[in-house]
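Notes follow the structure.
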Amino acid sequence: MPVTDTLLASTSFADKIAALNSQLGALNPPPLTAFDSPPEGYRMRAEFRIWHEHGRAHYAMHRPGEKRPYVIEHFPIGYSLIQTLMPPLLAAVNAELLLARKLFAVEFLTGLSGDALITLLYHRPLGDDWLAVAKPLEAALGAAIIGRSRKQRMVLSRDSITEQLTVDGRHFYQQQVENSFTQPNALINQKMLGWAAEQTAGSRGDLLELYCGNGNFTSVLAANFNRVLATEISKTSVRSAEHNFAQNGVDNVTVVRMSSEELSEALSGVRPFRRLAAIDLASYQFNTLLVDPPRAGLDPATLALAAGFNKILYISCNPETLARDLQILDKTHRIASLAAFDQFPGTAHLESGALLTKRKTAA
């Protein structure tokens, strides 16, 4: 979700909850559990345009529908580490032409752990002269730096941060790689993980997880199941997930790089996949399905697959497609638990979670 969305008309959490309850009203959901976020200091990653004017570089953003950006002097929704890094980085850029020339954007990635990564994006090739000024800046800021231009990526020391999340008193370490998806609100992420762990506590059998990303949910939920089979299409995310499982002592998860549609075909016996040659799908006793789809929601094949599970844990970033999908699944499942997470306070965006359990008889 772009940072500029926070500039839209403010929407209260209560309004978003009311809208979600209205969208799901026909399905008779149980009372919703709400998890709020601090209104400021919650955003762990951010991207700014760099606006050059009168010989100075400025952080800037675009309002929807406006061509000219406006200068950002303060960024209160940013995590404290982002707010700390912004002024000295900009001062260094304005003091050194090699850093400023044709710099058009800056990306920040930070963690509750205190780790930080800054990516500088340019409209020119980068060479040794840029490295000579960027390396001292990396040391001075105490944050990893990456330089990017067209078909070029210069990693000075590392391309990731190590985040530490706390869920139910346990610490989970998470590699977060530059230019890969990570949860933008770590405080809400911890609450989502805690809620998901509570919903799956005491589960029987195995878990099938689609869209596992870097294993954000997987690392936490794996302890509630005998085995986990997780899918992800991004090579970078698969590598991060496997790294994170090792870091957290999770040894009952197998990750396969394939789409949810492909796995649905494999489980349905439509066609075999070489990527699954070493995996005995028939040996799994799947009881629970975890889905965390993109805004488009679930595709028809995945919805058909989901209908066969006893439990479905659905994490959604779009209430409209959640309502659409749950209406379809209402034929076979009922909503046993519902939660709302204010991922982006003051915006129209709402993250939500629903636990569905199989009906004894079809609706």
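The values are calculated or read from the model by the stated rules, or taken from the named source; none is laboratory data. All of these numbers come straight from a predicted model, not from anything done at the bench. Note: ideal-geometry Cβ built from the backbone for every residue, glycine included; neighbour counts use all protein chains shown. These area figures cover heavy atoms from the full protein model, side chains too; ligands, DNA and RNA do not enter into them. Shrake-Rupley method; radii C 1.70, N 1.55, O 1.52, S 1.80 Å.
Here are the numbers:
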| quantity | calculated |
| --- | --- |
| Residue list for the range 229-272, filter: surrounded by 18 or more Cβ atoms within 10 Å (Cβ to Cβ), polar (S, T, N, Q) and within 16 Å of residue 172 (Cβ to Cβ) | 240, 244, 248 |
| Strands (runs of 3 or more DSSP E) contained entirely in the range 128-228, each with at least 2 residues that are open to solvent by less than 30 Å² (accessible area, probe 1.4 Å) | 144-149, 160-167, 170-177, 206-210 |
| Residues located in the range 342-363, provided they are open to solvent by less than 20 Å² (accessible area, probe 1.4 Å) and either touching a Ser or Thr at 6+ places or on another chain (Cβ under 6 Å) or closer than 21 Å to residue 301 by Cβ (or both) | 342, 347, 352, 354, 355, 356 |
| Hits in the range 48-99 - residues which are surrounded by fewer than 14 Cβ atoms within 10 Å (Cβ to Cβ), within 17 Å of residue 147 (Cβ to Cβ) and within 28 Å of the chain's Cα centre (by Cα) | none |
| Positions within the range 109-127 being surrounded by 13 or more Cβ atoms within 10 Å (Cβ to Cβ) and without any contact (Cβ under 8 Å) to a residue 12 or more places away in the chain, in sequence order | none |
| Test set (1) in a loop (DSSP other than H, G, I, E, B); (2) out of contact with any helix residue (DSSP H, G or I) (no Cβ under 8 Å at 6 or more places or on another chain) - residue 237 fails condition number | (1) |
| Candidates 339, 296 - the one that is surrounded by fewer than 23 Cβ atoms within 10 Å (Cβ to Cβ), at pLDDT below 95 and in the same structural domain as residue 221 (by the TED database) | 296 |
| Any pair with Cβ under 6 angstrom, 6 or more apart, that starts in the range 12-25 at a residue that is in contact (Cβ under 8 Å) with a residue 12 or more places away in the chain and ends at one that is charged (D, E, K, R) | 13/36; 13/342 |
